[in-house]
Amino acid sequence: MDALIAGYRRFRAGYYEQHSSKFERLGAKGQKPHYMIIGCADSRVDPSINFDTGPGDVFMVRNVANVVPPYAPDGDHHGTSAALEFAMKGLEIPNIVILGHAKCGGIAALVDREPGDAPTNDFLDLWMSVARPARRAAFKAAEAVGVADDRDQVCHLCEQENVKIGLKNLMTFPWIAERVKAGTTKLHGLYFDITKGELYRLNGEAFELVPPA
Ligand SMILES: [Zn+2]
């Protein structure tokens, strides 16, 4: 814990001191973020750093492999869906961003498991099975260009397909679909390459490099 406590003290003496009035305002008036980001729990992809945002800017949900499950009010415990509901009905956030990333461990686990394989853990395999349509689409796309035997390529395609499937799943939530149709909420897909620090933005069916400057 020592590294975290030391980090907190640096924050307290530095960032907090410089922005204390903003923290006080946000504490008193509440949040009104313009963006909801659904990102991966991966420690190498920190949206606050990647997008240089501050407190109050982004309503953030991070789960394993930035998966968005389809709308399923079935009495189960749905953390990401609960966050989406609050983001829409409570905060009326005008932008939902799904942020995928390279070298995603959750996606690699999904690619490596055949759909019929028995679960090897309590939660993880079942959670990642939500993204199976992305796995199918990735193998199909990989076969089309002759790289279905290249695991890294299949994972890369699957990471990007997972963002597209997530965007489709967002539209199965009736209170998201109605806001998108009314034009009050926009959906976006992004993909971050950890090693190169490059960002790609989904345009139609293709991810396009965002110029870094
Ligand atoms: Zn990940």
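In deg cm²/dmol, rounded to 500, what helix-only [θ] at 222 nm does the chain give when every DSSP H run of at least 4 residues adds -39500 (n - 2.57) and the total is split over its residues?
-13000 deg cm²/dmol
Suppose each label sits 7 Å from its Cα in the direction of the beta carbon; what would the H78-A182 distance come out to in nanometres?
The answer from the label model is 2.0 nm.
What do you get for chymotrypsin sites (Phe, Trp or Tyr not before Pro) in segment 35-94 restricted to DSSP loop and a cutoff of at most 11 other Cβ within 10 Å of the site's Cβ?
Those that pass, being in a loop and sparsely packed, number zero.
Alpha carbon centre of segment 47-98 versus segment 138-213: separation in Å?
Here the two parts' Cα centres lie 16 Å apart.
Classify segment 1-65 from the C-alpha gyration tensor, please: rounded if a/c falls under 1.5, else prolate or oblate depending on whether a/b exceeds b/c.
Because a/c hits 1.5 or more and a/b fails to exceed b/c, segment 1-65 counts as oblate.
Once the piece of chain linking S129 and D117 is laid out straight, how much longer is it, given 0.36 nm per residue of separation minus the C-alpha distance between them?
Details: separation 12, 0.36 × 12 = 4.32 nm, distance 1.09 nm.
Stretched fully, the S129-D117 segment lengthens by 3.2 nm.
Check the straight Cα-Cα distances from K89 and name the lysines below 30 Å, setting aside those fewer than 8 residues away within the same chain.
K22, K29, K32, K164, K168, K181, K186
Among I107, S21, M88, which residue has its Cα positioned farthest towards the positive end of the charge dipole of the chain, with +1 placed on the Cβ of Lys and Arg, -1 on the Cβ of Asp and Glu, and the dipole taken about the Cα centre?
So the residue we want is S21.
Could you tell me how many degrees, from 0 to 90 and to the nearest 10, lie between the Cα long axis of helix 15-29 and the main elongation axis, the longest principal axis, of the Cα atoms of the chain?
On a 0 to 90 degree scale, this one is about 90.
Quick one: helix 151-170 against the long Cα principal axis of the chain, what's the angle to the nearest 10°, folded into 0 to 90?
Approximately 60 degrees, to the nearest ten.
For G100, what residues show an amide H to amide H distance below 5 Å, using hydrogens built from the backbone and excluding near sequence neighbours?
L190, Y191, F192
Could you tell me which chymotrypsin sites (Phe, Trp or Tyr not before Pro) in segment 114-187 are loop residues by DSSP with no more than 14 other beta carbons within 10 angstrom of their beta carbon?
Those satisfying the criteria are F123.
By its C-alpha gyration tensor, with a ≥ b ≥ c as the square roots of the eigenvalues, how is segment 108-213 shaped: rounded for a/c under 1.5, else prolate for a/b larger than b/c, else oblate?
oblate
Are there trypsin sites (Lys or Arg not before Pro) in segment 15-98 that DSSP puts in a loop and that have at most 14 other Cβ atoms within 10 Å, and which ones?
Working: sites: K22, R25, K29, R44, R62, K89; in loops: R44.
Here the sparse-neighbourhood loop sites are R44.
Angle, helix 2-13 long axis vs. longest principal axis of the chain, Cα atoms, 0 to 90°, nearest 10?
50
Bear in mind these aren't lab numbers, they're just calculated from the coordinates by the rules spelled out. Owing to the predicted nature of the structure, the values given are computational and were not obtained by experimental measurement. No Cβ is skipped: glycine too gets one built from the backbone with ideal geometry, and neighbour counts run over all protein chains shown.
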